[in-house]
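Below is one structure; the comments refer to it alone.
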Amino acid sequence: MKKEKDSGQLFSEEIILAPPARFDFFSTIHAHGWIDLPPFTRLDGRAGFARVDALPSGAVVRLEVSAPGGYPCKEIHVEAVSDRPLDDGGRERVAAMAARMLRLDEDFSEFHALCRRRGEPWRRFARGQGRLLRCPTVFEDLVKVICTTNIQWSGTRRMLAGLVEAFGAPAPRGLWQKLFPLPRVIARASLEDFSARVRLGYRAPYIHALAGEAAAGRLDEESWLDKRLPAGELKKKLLSIKGIGAYAAASMLMLLGRYGEIPADSEFRKWMGEKYFPGEMFDLQKALAVYQDWGRWQGLAYWLEMTHG
DNA sequence: TTCCAGGGGTAGA
DNA sequence: TCTACCCATGGA
């Protein structure tokens, strides 16, 4: 980590993170659509993203995450611009937030070994692929996943932009962006007000209720990152949330680092029809069976194959 | 205008 | 457990 001098009212410093071996920065940030959902924004002219978040200290930080050079990534640059100087705790928090979003501590060696063993075309995924960009909080990922259900991607983007605009705290002057809404801010609004201010359709009561549970501490959703929690138990917790069904639970499991289930949505059915069952009738069970021998990696195997043609 | 999306909840069988 | 029906919104 290295410090830089402050610039007027804002304080900027750059934190350098060392990625794990064979880390593919570009594929991680573009692995699914999250980089296009506010408060994530793409950087102009180079691979990377920016967003504004609050630290536990109350400091508001705009993170700009990028990586020079191509694959394999040698270092990750996190430029942190804040309304106050960061102390050691703040710097550690920023580094941890970036590492979490990029999943730097997640081990994909077993999956990559499977890809190598299978040869082409799977071998290409052993070049550090498999990481899906995620949000700094489980709550934000939950809300976003709910906003992908029964809607086109353009609708998902519209809803998240509306949610951040209506309920996100404004960043201090110069940081130009709003933060992702805190659960308690959403929960504080009446359902009627919440529904009227963001066009979420029938998802509004689900997200409002979810925010209420999270704000009251009854959800304990951050504990779901604990790898000791059995995947089956985690799935039950997810399915108990209104608005989260089989597809959304499988998506959340992947974001939580569990890849044993496939998010079987309309995209999945379309892809399977084109790739594995052209001109054939097939049901969901038959389609899911295609990836069954990937075991606890089947969700990732499907996602990478589908997104890479 | 109608259909449907990166589905899910609920009632009734 | 399975099915039918309903759910709000906006793009195509």
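The values are calculated or read from the model by the stated rules, or taken from the named source; none is laboratory data. These numbers were taken from a predicted model, which means no experiment stands behind them. Methodologically, a virtual Cβ is constructed for each residue, glycine included, from the backbone with ideal geometry; neighbour enumeration extends over all protein chains shown.
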- Of the residues in region A:262-283, how many are of a type in the set (Asp, Glu) and within 16 Å of DNA strand C (Cβ to nearest atom)? 3
- So which of A:Ala96, A:Ala21, A:Ala67 ends up being among the aliphatic types (A, V, I, L, M), out of contact with any helix residue (DSSP H, G or I) (no Cβ under 6 Å at 6 or more places or on another chain) and over 29 Å from A:Glu165 (Cβ atoms)? A:Ala21
- Query: Pairs, please: C-beta under 7 Å, at least 6 apart or cross-chain, first residue within 16 Å of A:Glu64 (Cα to Cα) and in region A:15-27, second small (Gly, Ala, Ser)?
  - Reply: A:Ile15/A:Ala80; A:Ile15/A:Ala95; A:Leu17/A:Ala95; A:Leu17/A:Ala98; A:Leu17/A:Ala99; A:Phe25/A:Ala47; A:Phe25/A:Ala67; A:Phe26/A:Ala47
- Task: Might you check whether a residue that is surrounded by fewer than 20 Cβ atoms within 10 Å (Cβ to Cβ) and within 16 Å of DNA strand B (Cβ to nearest atom) occurs anywhere in region A:250-261?
- Result: yes
- Query: What about A:Ser190, is it more than 14 Å from DNA strand B (Cβ to nearest atom), under 30 Å from A:Ser266 (Cα atoms) and not hydrophobic (A, V, I, L, M, F, W, C)?
  - Reply: no
- Sort out which residues of region A:205-246 are in contact with a Phe, Trp or Tyr (Cβ under 6 Å, 6 or more places away or on another chain) and within 13 Å of DNA strand B (Cβ to nearest atom), and write them in order of number. A:Lys242, A:Gly243
- Message: Tell me the residue from A:Arg269, A:Arg258 that is within 17 Å of A:Asn150 (Cβ to Cβ) and of a type in the set (Lys, Arg), please.
- Response: A:Arg269
- Query: Among (1) in contact with a Phe, Trp or Tyr (Cβ under 8 Å, 6 or more places away or on another chain); (2) modelled with pLDDT under 95, where does A:Thr137 come up short?
  - Reply: (2)
- Item | Residues satisfying the stated conditions in region A:171-209, i.e. in contact with a Leu (Cβ under 8 Å, 6 or more places away or on another chain) and surrounded by fewer than 14 Cβ atoms within 10 Å (Cβ to Cβ) | A:Gly174
- Does region A:30-38 contain at least one residue that is closer than 28 Å to A:Tyr302 by Cα, acidic (Asp, Glu) and surrounded by fewer than 17 Cβ atoms within 10 Å (Cβ to Cβ)? yes
- Message: Could you check region A:130-167 and list, in sequence order, the residues that are under 18 Å from the mean Cα position of the chain (by Cα), under 23 Å from A:Ala196 (Cβ atoms) and away from DNA strand C (no atom under 13 Å from the Cβ)?
- Response: A:Phe139, A:Glu140, A:Leu142, A:Val143, A:Lys144, A:Val164
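For every residue, the table says whether it meets (1) within 16 Å of DNA strand C (Cβ to nearest atom); (2) over 18 Å from the mean Cα position of the chain (by Cα).
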residue: A:Ala169; (1), (2): no, yes
residue: A:Ala187; (1), (2): no, yes
residue: A:Leu191; (1), (2): yes, yes
residue: A:Ile207; (1), (2): yes, no
residue: A:Gly212; (1), (2): no, yes
- When region A:89-110 is examined, which residues are found to be more than 25 Å from A:Gly48 (Cβ to Cβ) and either without any contact (Cβ under 8 Å) to a residue 24 or more places away in the chain or surrounded by 21 or more Cβ atoms within 10 Å (Cβ to Cβ) (or both)? A:Ser109
